[in-house]
Every structure is written in C-alpha cells, then in structure tokens.
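Here's the structure, in structure tokens; my notes come after.
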Amino acid sequence: MKRIYILLVGFAMLLGGAGCSGYLDDPKPTDVLTANDIYTSPEGVQAYFSGIYRLFRGQYEYDTDVATTDVGGVYSMYYARSVKGNDLIQNSWYNFDYAHENREPTYRRVKVTWQYCYDMINHANTIVKEVTASEALADEDKTAFIAEAKALRAFFYFQLYLEYYAKDSGLQTPPLYKEQVSEAGPMSDPADYVAFMVQDINEAVAGLPEARINKSYINKSVANGLKARILMALNMDWDQVETAAKAAYGNDADAALDASIYDTGFDDLSASEVLWSMDQQADQSNYYYLAPHAFADHNADAYYGMWVNSLFVAEFSATDVRNEFSNIYGGGPGDWYEFVSDKFVFAFDSDIHLMRKAEMVLVAAEARYHQSDDTGAHDLLYKVQLSRDPNAVKSSNVGTALLDEILLERRKELYAEMGVEWFDAKRLGRGIARDATHRVVVTLTPNDKRFFLKVPQAEIDANDMIDDTVNDNR
C-alpha cells in the first residue's frame, strides 16, 4: 500500500521551520526540536501549537517550490468562499473561485485545500497521541492540550466537510483519520464523519480553559463558536447552537458588541469584538498574500482586487457605521467597479480575524428562529442592528421573512471575513443567483455541484483506497 499522501509533510519539518515543508519564507531556527524536547514540558507542546497556528496564515506550495497568491492557509479558504457569492466582485487573484471554475481534480484550489487540511489534522493527531503518552506532563496540562488539538482537528475536518461534501448528495465524505496513521484510508461514511467531528468539538469545549497566550489560540470561547458553526451547518440541535454561541460571546450581547471595530480597519486582534484572530507582525508577515486586506483595501499598495455589488451597498442605511463604501474609480450606476469598501486596512502587520462576537450574536438569533421563538430572535437581531445604526427599527418579520432578515444582517456584518454568503447558501440549500452587475454572471441552483470540490487527482494517484470513480457524480 502506498504511503499516505497527507503525511508527506513531516513532523520534524513543522518544528524546525515553524511551518510545514509546503510553506515558504518561514523563520528557520538553528536547532530542530525532537519529540523528546516537545512532550517533556508545557512550553515544548506550546511551541508546537505555535507552529501550527503560524500555518493558518502561511503560504502553501501547490507544486514543488511553487506558490501563488491565492493558495495558503485558512485565510485563503475563507476568501475564496467570500468571492463566490453575489455581494462581492473580484478582479485579481481568486478570479477562478469568483467564476466558480476552480473545482476540477488537478486545480490548485482543490489540491491545496485538501492537503493543507490533512496536514493540519495530522499535526493535531500527533499532539493527541504524544501528549496522551507523555509521563512528564501534568494531567491538567494534558487535558487542555488534548482538548485544543481536538478543536483544531474538528475545525479542519469541518473545512473538508464544507469543501468536499454535499449533504444528502449520496456521496461519501473525505477520509477520516481518528489517530495518527502512516497508510492511506478510504473515503468515509458521512454519519461516522459527522459523529466524530461533533464528538471532537464537544470534548474540546469540555476540556479547554478560557486562558490562552493571545487571541491567535483556541480557548473555550472559540471552541464554543466553532461548535455553533458546525451544528448550524449540519442544521441540527439548534438549542445547542444557541447555548454554544452565547457561551462564545459571553451571554451578554450589549457587552459583546462594540461598533468601534469599524474604525480600526479590521486589522487589530485587540479589538473587543474579536474572539479569534491570526496575529501578524511586520517581521513575520504574510506580506501581499494576505486576504481579504490586500484585496479589499484600495488605498494601500496592494492588489485592488475586491469591489462591492451596488445592490448590496444599497442595503446599508446612511447612518449605518458599516456603510464604508465609496466610488473612487468613477463607475456609473450598474458598473461592476462602482463601489469599493474601506472595511479592511492592509499593512504587513494586519491581523486576520477568524471569529467575532457579533457573528455569534447573530448565530444565537438564528437559533432562536429555528426554535420558533420569533421574539427572542427579534431581540438579538435588533441588538446587532442598533449597535451599528442608531436609527435601526426592530423587526416585526415572522417566518421566512425573519430568517431572510437575519441572513441579510449576517452578510452585512461579515462580508469578506469567512465566506458567509456562500456558507449560508450551501447549508440552507438556497443557491446563489448573481445579478447583471457582476463581471461574471452565474447562477448556482440549490445544492448545485459547484458548492463543493472534487477529490484531488494527487490523492487518487497516491492512495490505493481511492480511485477515479470517486469523482463520478461530483
């Protein structure tokens, strides 16, 4: 049996270069840590975690010594999803994602996303195995480290679930590796896959403390936020979605929301609304690869790649703090280049926000809706709306109209951050219909195959348990 493709990136490489061998321009320390160095002290394990989190914003090779601006860590997955909807218009890198033409088995988005997620899962599995076996670590430390590794594992299995699987499609989910392995495995049963992912995030929530080094690391609040996202994507257990979302933002929406974040350019993890963010420093930057900032900011020296649909701009009132749109290129009504956004400020030290409290308040509002509590949904939705616009009017919508209002508020609050429009359309089976404003006009019907990617050819070639038929009906 062939060696497992996902393990090509070695354990020692992560420790030696603060990143996998597929990453470029990472700092190279003089000494390389061994497993014995790592698992004999909390500091050693924490150093390994730090290397893993560094890969969230790393640049990834899609071929030997070849990397491009649009493939990297978590930020590139999120931005690729962001430009697949109707609200944003892309005209730079990520154009193939924007056109929904980046899903074939040999394409770099398909290959890199698969390999990147499995590399990270392998590192998480390594930590679970080695920390469990360690006789030098205190039980309290072991519990926290294992929980954090399981949160990471759940997170990356969730990304694979979103990218390579469609609910009720009759297809199988990607391979499921519950522990560190050296041989490739087959595609998996969706029920087993989901059960393992949910079990992991539940155990992470139970075992993680709130304390952490900084907001780049997963703590109990972030794990709760991940649990809320996972369960809402699965459309299950809305009572647990609500509980997890409220635990993530602190169960006090008024205290959680702070509109001043819109004055900062979404580039500083110290903002009170930020739950989880990738810390960047000028001397350890992702430079111009950074998405969304390097594409959204038309005032900095970067790509000038993201525009905003005029119909989406029209959804923001004049008194909404989020109304940060301008016409700097002289576009006329209906031109795709009419509006840009000042939401994101680009610099080499711009932090990359992965989760915010405002999102979790809106998740809790949707959870109330799905539990037939329109009043509770109205209350939470209005807290976000009023925080952003002093002239906001409390909703009286019911039924589908209320859900539509919540989803619109999610788009207004989270555009370009985590692919919210694509995420909601996929999980709710709603499709995406672009209007004529776009450079590329496409329509994705509900449950369209373009909502997910094919299995990469590199995996098929390297894995005896998977053959070309895996992409039949994909």
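Once the stretch 137-166 is narrowed to residues that are touching a residue at least 40 places away in the same chain (Cβ under 8 Å) and charged (D, E, K, R), the residue that is surrounded by the most Cβ atoms within 10 Å (Cβ to Cβ) is GLU148. How about the stretch 422-474: which of its residues are within 20 Å of the chain's Cα centre (by Cα) and not in a loop (DSSP other than H, G, I, E, B)? Of everything in the stretch 422-474, those that are within 20 Å of the chain's Cα centre (by Cα) and not in a loop (DSSP other than H, G, I, E, B) turn out to be TRP422, PHE423, ASP424, ALA425, LYS426, ARG427, LEU428, ILE432, ARG450, PHE451. Would you check which residues across the stretch 292-311 are more than 22 Å from the chain's Cα centre (by Cα) and open to solvent by less than 10 Å² (accessible area, probe 1.4 Å) and list them? Scanning the stretch 292-311 gives a single hit, ASN309. Mind listing just one residue for me: the one in the stretch 312-324 that is within 17 Å of SER82 (Cβ to Cβ) and of a type outside the set (A, V, I, L, M, F, W, C) and, of those, most open to solvent (accessible area, probe 1.4 Å)? For the stretch 312-324, the residue satisfying everything is GLU315.
One line per residue, one yes/no per condition, for (1) free of Cβ contacts under 8 Å to residues at least 60 places away in the same chain; (2) of a type outside the set (Ser, Thr, Tyr):
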site	(1), (2)
ALA233	no, yes
TYR262	no, no
SER285	no, no
PRO292	no, yes
ASP297	yes, yes
ALA300	yes, yes
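Restricting the first member to the stretch 91-113 and to residues that are in contact (Cβ under 8 Å) with a residue 24 or more places away in the chain and of a type in the set (D, E, K, R), and the second to residues that are open to solvent by less than 10 Å² (accessible area, probe 1.4 Å) and in a loop (DSSP other than H, G, I, E, B), the beta-carbon pairs closer than 6 Å and six or more apart or on different chains are ASP97/VAL83; ARG103/LEU453; LYS111/PRO456. Entry remark, the stretch 372-396: residues being outside any helix (DSSP H, G or I), in contact (Cβ under 8 Å) with a residue 12 or more places away in the chain and farther than 20 Å from ALA255 by Cα number 2 in total. When restricted to residues that are in a loop (DSSP other than H, G, I, E, B), open to solvent by 30 Å² or more (accessible area, probe 1.4 Å) and of a type in the set (A, V, I, L, M, F, W, C), the stretch 337-371 contains 3.
Starting from the stretch 31-54, take each residue that is more than 19 Å from ILE146 (Cβ to Cβ) and modelled with pLDDT under 95 and list its partners that are among the polar types (S, T, N, Q) and in a helix (DSSP H, G or I), counting only C-beta distances under 9 angstrom and pairs at least six apart or across chains. Listed pairs, sorted by first residue: ARG54/GLN284.
Yes/no matrix, rows are residues, columns are (1) modelled with pLDDT under 95; (2) part of a loop (DSSP other than H, G, I, E, B); (3) under 12 Å from VAL363 (Cα atoms):
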site	(1), (2), (3)
ASN214	no, yes, no
SER221	no, no, no
LEU226	no, no, yes
LEU231	no, no, yes
VAL241	no, no, yes
ALA255	no, no, no
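Go through the residues of the stretch 405-414 one by one and say whether even a single one is touching a Gly at 6+ places or on another chain (Cβ under 9 Å), within 16 Å of ARG81 (Cα to Cα) and crowded, with 19+ Cβ neighbours inside 10 Å. No, that holds for no residue. If you check ASN327 against the conditions, is it open to solvent by 40 Å² or more (accessible area, probe 1.4 Å) and more than 30 Å from TRP238 (Cα to Cα)? Here the answer is yes, as ASN327 does meet what is asked.
The values are calculated or read from the model by the stated rules, or taken from the named source; none is laboratory data. Note that the coordinates shown come from a computational prediction; the quantities given were computed from them, not determined experimentally. Backbone-built Cβ (ideal geometry, glycine too); neighbour counts: all protein chains shown. Just the protein is used for accessible areas: all its heavy atoms, side chains included, with ligands, DNA and RNA removed. Shrake-Rupley method; radii C 1.70, N 1.55, O 1.52, S 1.80 Å.
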